[in-house]
1. Can LEU22 be described as open to solvent by 30 Å² or more (accessible area, probe 1.4 Å) and under 21 Å from ARG149 (Cα atoms)?
2. For SER117, work out the one condition from (1) in a loop (DSSP other than H, G, I, E, B); (2) open to solvent by 30 Å² or more (accessible area, probe 1.4 Å); (3) in contact (Cβ under 8 Å) with a residue 24 or more places away in the chain; (4) more than 16 Å from CYS45 (Cβ to Cβ) it doesn't fulfil.
3. Which ones in the range 31-64 are open to solvent by less than 40 Å² (accessible area, probe 1.4 Å) and among the β-branched types (Val, Ile, Thr)?
4. Go through the residues of the range 61-68 one by one and say whether even a single one is in contact with a His (Cβ under 9 Å, 6 or more places away or on another chain) and within 24 Å of ALA159 (Cα to Cα).
5. Take the residues of the range 1-19 that are of a type in the set (Gly, Ala, Ser) and within 27 Å of GLU56 (Cβ to Cβ): which is most open to solvent (accessible area, probe 1.4 Å)?
6. Can you tell me which residue is most open to solvent (accessible area, probe 1.4 Å) among those in the range 72-83 that are touching a Phe, Trp or Tyr at 6+ places or on another chain (Cβ under 9 Å) and under 22 Å from ASP124 (Cβ atoms)?
7. Can you name the number of the only condition in (1) open to solvent by 60 Å² or more (accessible area, probe 1.4 Å); (2) under 30 Å from ASP10 (Cα atoms); (3) not hydrophobic (A, V, I, L, M, F, W, C) that SER164 fails?
Amino acid sequence: IGKYLNLNADPWGRVDMSPVHLNDRPATGPADAPVTVVEFADFECPFCARAFGQMETLANSTYKGKLRFIYKYYPLNSHPWARTAAIGAECARLQNPAAFWDFARYFYANQGAINPSDVKAKIDEQAGKLQLDESVLNACMAGKGAAERVTEDENDGKAVRVSSTPTFFINGVPVVGLPESK
């Protein structure tokens, strides 16, 4: 009649984030913040676009100094240009860490105007606006390093059972999807 509770398990379903690579990733907020939010996201996901704006507001104004937001690439197979965008954003970040956030805002704001045949041109256009070295960016995109980092993020997501985007881990507590806005 009763229900057994596993007193050895975390009541919040907290996930061990130790296998997840969190260093040298796009992040905002102090490293010693009491709350760390790790988001696995896809640049082509409309729910991720809404979540990104909300997370930026939380990290940079509402809870400034109290929240660390770490972005992890998780391009879904059903989104044809998301992986290329992730590699482009990572290459931009490697040149200038602040450029990642500009790339992310651009991709999310222009999802409907980007397609697989012009995503590279859009990356080049954005790099020009941000005064990044386009030859360095192109060499990075043609190389293996950024693509391997995106794959590493995907593998990290699989290790903590991410199956859709956006998926958040708030101090290790998983939150899947975006709550309804009222």
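The values are calculated or read from the model by the stated rules, or taken from the named source; none is laboratory data. In this text, all values refer to a predicted model and were calculated from it rather than measured experimentally. Glycine also receives a Cβ, built like all others from the backbone with ideal geometry; neighbour counts cover every protein chain displayed. Ligands, DNA and RNA are excluded from the accessible area calculation, which covers all protein heavy atoms including side chains. Shrake-Rupley method; radii C 1.70, N 1.55, O 1.52, S 1.80 Å.
1. Working: open to solvent by 30 Å² or more (accessible area, probe 1.4 Å): yes; under 21 Å from ARG149 (Cα atoms): yes.
Against the criterion (open to solvent by 30 Å² or more (accessible area, probe 1.4 Å) and under 21 Å from ARG149 (Cα atoms)), LEU22 qualifies.
2. Of the numbered conditions (1) in a loop (DSSP other than H, G, I, E, B); (2) open to solvent by 30 Å² or more (accessible area, probe 1.4 Å); (3) in contact (Cβ under 8 Å) with a residue 24 or more places away in the chain; (4) more than 16 Å from CYS45 (Cβ to Cβ), the odd one out for SER117 is (3).
3. Of all residues in the range 31-64, those open to solvent by less than 40 Å² (accessible area, probe 1.4 Å) come to 33, 36-45, 48-49, 51-53, 55-56, 59.
Those that are open to solvent by less than 40 Å² (accessible area, probe 1.4 Å) and among the β-branched types (Val, Ile, Thr): THR36, VAL37, VAL38.
4. Restricting attention to the range 61-68, the residues satisfying the condition of being in contact with a His (Cβ under 9 Å, 6 or more places away or on another chain) are none.
No, the range 61-68 has no match at all.
5. The first filter runs over the range 1-19 and keeps only residues of a type in the set (Gly, Ala, Ser), leaving 2, 9, 13, 18.
Cutting the leftovers down to within 27 Å of GLU56 (Cβ to Cβ) gives us 13, 18.
Numbers: GLY13: 39, SER18: 92 Å².
Step by step, filter the range 1-19, then rank; the result is SER18.
6. Filtering the range 72-83 down to residues touching a Phe, Trp or Tyr at 6+ places or on another chain (Cβ under 9 Å) leaves 72-75, 79, 81-83.
Those left that are additionally under 22 Å from ASP124 (Cβ atoms): 73, 75, 79, 81-83.
Values: TYR73: 2, PRO75: 13, HIS79: 41, TRP81: 5, ALA82: 1, ARG83: 81 Å².
The selected residue is ARG83.
7. So the condition that SER164 fails would be (1).
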